[in-house]
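All remarks here apply to the structure that follows.
The values are calculated or read from the model by the stated rules, or taken from the named source; none is laboratory data. None of the values given here were measured: they were computed from a predicted structure. Positions of Cβ are backbone-derived with ideal geometry, glycine not excepted, and every protein chain shown enters the neighbour counts.
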Amino acid sequence: MKRRIIIFGASGRAGEVLLNTARKAGWETLSPAHEECNLLHPGAAAGYVLAHTEAEAVVNCAAMASPDVCEFDAFGAHMVNASSPGEMALACRHTGARFVHLSTDYVLDSRRAGLKDETAPCKPCNIYGMSKLEGERQILEALPESLILRVSWICGNPHRPGFPETIVARALRGEPLSAIVDKFSLPTHTRDIAATILECIDKPEESGILHLCSRGEPMSWYDIGSIALQCAHELGALNELPSVTPQHLADVSFFRARRPVHTAMNSSRLNQIFGRSSSTAHDAIRRAVKDFLQTLRTEEG
């Protein structure tokens, strides 16, 4: 009999890759669409879990993830990012399902530079981060056995591009390129997220919060963009390296919500638990660009 997993947010950047990875691994997947389970109504999430008591695991990849949207819809952000995940965890408490939830580096206090482990203080600077931090609190209060994975700057889904793929796409179209030089974190590849989640399901002894991202020193969007373009050049997609204009966070007028500056995470605790080393940031970016270019070539025939 196939193992069954519920995946909320399976149409998103990380959720879609998890869905496909789980199916390839032999899982029977349930992935409610927005129309079937509207997370603006927390009871809907709990009801869905309680209606599928045979599910061995529940994974929440869903979020209201745009900081700017959250800033203008604080109530919706709280419902989707905090109340609904809390209700999912509470429902799993009744069904016995393993609950894994994706959170974000945006919950961290971003005022100081350097890599941050799971003991680092949290002090989010915008509604998005506040709602995600409240979600962590509600989950662990409802079901302390839950596992929360904080991820950052997700890339590696060719159909839902992250920053490395986006800057390469713009370069291929010949558009002017710019990237922020004074905001720092580390990328997390979708395949690393999917593999870790499936591993975590079979480690019920692990609970609480873990950081999941590539390893290396903190990088800016400018750093990531430069590496992505270099990879595209080496792979033959770009005849020459285009120039990238450096930008400062304070000069970006289209951001409506504040962005944290220093949120790069240290994932050594997770690596120690699983007895492995996470991808380097360069490798995560290169894989994302390579997959993106291969997908473009396939779609172009």
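Here's the yes/no breakdown for (1) among the acidic types (D, E); (2) closer than 27 Å to P260 by Cα:
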{"position": "A195", "(1), (2)": "no, no"}
{"position": "L198", "(1), (2)": "no, no"}
{"position": "G208", "(1), (2)": "no, yes"}
{"position": "Y222", "(1), (2)": "no, yes"}
{"position": "I227", "(1), (2)": "no, yes"}
{"position": "E234", "(1), (2)": "yes, no"}
{"position": "L238", "(1), (2)": "no, no"}
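Scanning the stretch 247-269 for residues that are under 18 Å from L186 (Cα atoms) and aliphatic (A, V, I, L, M) yields a total of 4. Kindly provide the set of residues from the stretch 48-62 that are outside any strand (DSSP E or B) and either on the phi > 0 side of the Ramachandran plot or touching a residue at least 40 places away in the same chain (Cβ under 8 Å) (or both), ordered by number. Residues satisfying the conditions are Y48, V49, L50, H52, T53, E54, A55, E56, C61, A62.
Checked across the stretch 168-181, the condition of being within 20 Å of I273 (Cβ to Cβ) and among the β-branched types (V, I, T) holds for no residue. Restricting the stretch 1-34 to residues that are under 13 Å from N60 (Cβ atoms) and β-branched (V, I, T), the residue that is nearest to the chain's Cα centre (by Cα) is I7.
The set of residues from the stretch 266-285 being of a type outside the set (K, R) and either in a helix (DSSP H, G or I) or closer than 15 Å to S220 by Cβ (or both) comprises S268, L270, N271, Q272, I273, F274, A281, H282, D283, A284, I285. Out of curiosity, is L39 at pLDDT 95 or above, crowded, with 24+ Cβ neighbours inside 10 Å and in a loop (DSSP other than H, G, I, E, B)? The answer is yes for L39. If we keep just the residues of the stretch 212-251 that are more than 25 Å from the chain's Cα centre (by Cα) and among the acidic types (D, E), which is nearest to P161 (Cα to Cα)? Looking at the filtered set, the residue picked out is E234. Look at (1) in contact with a helix residue (DSSP H, G or I) (Cβ under 7 Å, 6 or more places away or on another chain); (2) in contact (Cβ under 8 Å) with a residue 60 or more places away in the chain; (3) over 21 Å from I154 (Cβ atoms) and you find that S279 fails only one, number (3).
Of the residues V80, V58, V107, which is more than 24 Å from I285 (Cβ to Cβ), among the β-branched types (V, I, T) and in contact with a strand residue (DSSP E or B) (Cβ under 8 Å, 6 or more places away or on another chain)? Only one candidate passes the filter, namely V58.
The set of residues in the stretch 1-36 being out of contact with any Ser or Thr (no Cβ under 9 Å at 6 or more places or on another chain), of a type in the set (D, E, K, R) and either in a strand (DSSP E or B) or without any contact (Cβ under 8 Å) to a residue 40 or more places away in the chain (or both) consists of K2, K24, E28, E35, E36.
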